[in-house]
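The values are calculated or read from the model by the stated rules, or taken from the named source; none is laboratory data. Note that this is a predicted model, so its numbers are computed, not measured. Every residue, glycine as well, gets a Cβ built from its backbone with ideal geometry; the counts of neighbours run over all protein chains shown. These area figures cover heavy atoms from the full protein model, side chains too; ligands, DNA and RNA do not enter into them. Shrake-Rupley method; radii C 1.70, N 1.55, O 1.52, S 1.80 Å.
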Amino acid sequence: MLFKNYRTRYAMVMDTRRCVGCQTCVLACKAENGVPVNGYRDWIVTETKGEFPHLSMEIRSERCMHCTNAPCVTNCPTGASHFAKGGTVQIDRALCTGCKACVAACPYGARYVHPDGYVDKCSFCMHRVTKGASTACVEGCPTKALAFGDLNDPSSDVARLLHSRTSKLLSPEEGTEPNLYFLV
Amino acid sequence: MKGKIVPVCEEEGLELLFGTPSEKIELYSQALADAGFDPLPEFTPPDEVPPGMFRLLSGRAPMHTFGRTTNNRVLGGLMSENEVWINARAARSLAGFEEKPLKSGDYVMLVNQDGAKSGPVKAKVTERIRGDAVYLVHGFGHTAKGLSFSRNRGASDSALTTRFKVDPVMGGTGMNVNFVRISRAEA
Ligand code: SF4
Ligand code: SF4
């Protein structure tokens, strides 16, 4: 890579036009991250507008948005929720007391309590990304509706998609500056 | 492993010819006419929906393969019971629900034109279906004891499919030809 004078900013771009709501991303994540039966790190939201037969529908694959201004981090009393590599938000299980302050603070419902007592959520598959692979959901998606990469690298999939397509953020008024973009 | 390579598309040299007398797509088929059928497909309207009933449609959800995977704990977690889809306007004027209109999440029973019954199944009141039909995802409403997780979850479209129609030309079966009535499930 030629330009190394930027800071890595990991982000995900989700194409609501390609997604068919198959939930392969949800299963891929569960299998990869050993997510317990009643917990989910990613999930599908389907929104319908209009009255039959004049309808439009949007399908989104949602997960933790690894917010730049993350209320889960600022509200965590133990420091378990923290910013990590590439601007991602991670949870130190050893420090987490399961108090759920972060669960209440997150406007996106991204967190759940693991049966072992700590809070869990999407990690942007850092254990894969640091080895050069992409996230499990991105690799599983049969319609290529998901892209992951470094927003500050202009040649990355995420940067190119955001450059060429119209996108939106969820609840931008919350001021969380999420890093999950939805192509519309 | 090595086999004989056959072209599968035009770019690979596949000849674009069909196995018909004209070697083209035949909208008008002399072969059908000779066999005594309509040479041009003719629209036969489906049976009218009887008053107070809905045409029962069924289909698949992406995570469930036929009726076999609903008992899988991981796949069953993504969809653990089916819902009966009903048009929002139709739900508002549903007979028997005047006092308390049907809402998404209410449990109902389905009874077909021959008295076959299935449920209780959750209602999904939605704009995503026309007013004279209801829809079920296939693979639910199992009664087998061995299906310890999926047993008694949702309604079975199979149980409600007591009639079918046969295509007179190619013999395929049409199964979305049954009608159901919706009633509230006793608590
Ligand atoms: S989506 Fe929720 S859990 Fe994820 S960083 Fe933002 S506030 Fe925190
Ligand atoms: S795997 Fe891809 S197409 Fe399927 S639900 Fe997830 S994002 Fe949508």
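Figure legend. Inter-residue proximity from the stretch A:64-89: first residues farther than 19 Å from residue A:182 by Cβ and without any contact (Cβ under 8 Å) to a residue 12 or more places away in the chain, second residues assigned to a helix (DSSP H, G or I) and more than 16 Å from ligand 2 (Cβ to nearest atom), beta-carbon distance below 7 Å, spacing 6+ or different chains. Indicated pairs: A:82/A:73.
When residue B:175 is tested against (1) more than 22 Å from residue B:54 (Cα to Cα); (2) open to solvent by 80 Å² or more (accessible area, probe 1.4 Å); (3) not small (Gly, Ala, Ser), exactly one condition is not met: (1).
Only a single item in (1) in a loop (DSSP other than H, G, I, E, B); (2) crowded, with 16+ Cβ neighbours inside 10 Å is not met by residue B:103, and it is number (2). Whether a residue is under 18 Å from the mean Cα position of the chain (by Cα) and basic (Lys, Arg) was assessed, and residue A:85 passes this test. Residues that are closer than 18 Å to residue B:95 by Cβ and of a type in the set (A, V, I, L, M) within the stretch B:130-139 comprise B:133, B:134, listed in sequence order. Here the stretch A:33-73 is the region considered, the condition is being among the acidic types (Asp, Glu) and within 12 Å of chain B (Cβ to nearest Cβ), and the residue that is farthest from ligand 1 (Cβ to nearest atom) is A:51.
Selection within the stretch B:147-166: residues that are more than 26 Å from residue B:51 (Cβ to Cβ) and touching a strand residue (DSSP E or B) at 6+ places or on another chain (Cβ under 7 Å). The member of this set that is surrounded by the fewest Cβ atoms within 10 Å (Cβ to Cβ) is B:166. For first residues located in the stretch A:13-26 and away from chain B (no Cβ under 14 Å), partners that are open to solvent by 40 Å² or more (accessible area, probe 1.4 Å) and more than 16 Å from ligand 1 (Cβ to nearest atom) and lie 6+ apart or on another chain with Cβ distances below 6 Å form the pairs A:13/A:161; A:16/A:184. A single member of A:55, A:95 is under 20 Å from residue A:114 (Cβ atoms), open to solvent by 30 Å² or more (accessible area, probe 1.4 Å) and not polar (S, T, N, Q), and it is A:95. Pairs linking a residue in the stretch B:4-25 that is over 30 Å from residue B:40 (Cα atoms) to a residue that is of a type in the set (Gly, Ala, Ser) and open to solvent by less than 80 Å² (accessible area, probe 1.4 Å), with Cβ atoms under 6 Å and 6 or more positions apart or on different chains, are B:7/B:13.
A single member of B:27, B:57 is part of a strand (DSSP E or B) and open to solvent by 40 Å² or more (accessible area, probe 1.4 Å), and it is B:57. Being part of a loop (DSSP other than H, G, I, E, B) and crowded, with 20+ Cβ neighbours inside 10 Å is the filter; apply it to the stretch A:105-132 and report the residue that is farthest from ligand 1 (Cβ to nearest atom). The selected residue is A:125. From the list A:175, A:149, the lone residue that is open to solvent by less than 50 Å² (accessible area, probe 1.4 Å), more than 24 Å from residue A:107 (Cβ to Cβ) and of a type outside the set (A, V, I, L, M, F, W, C) is A:149.
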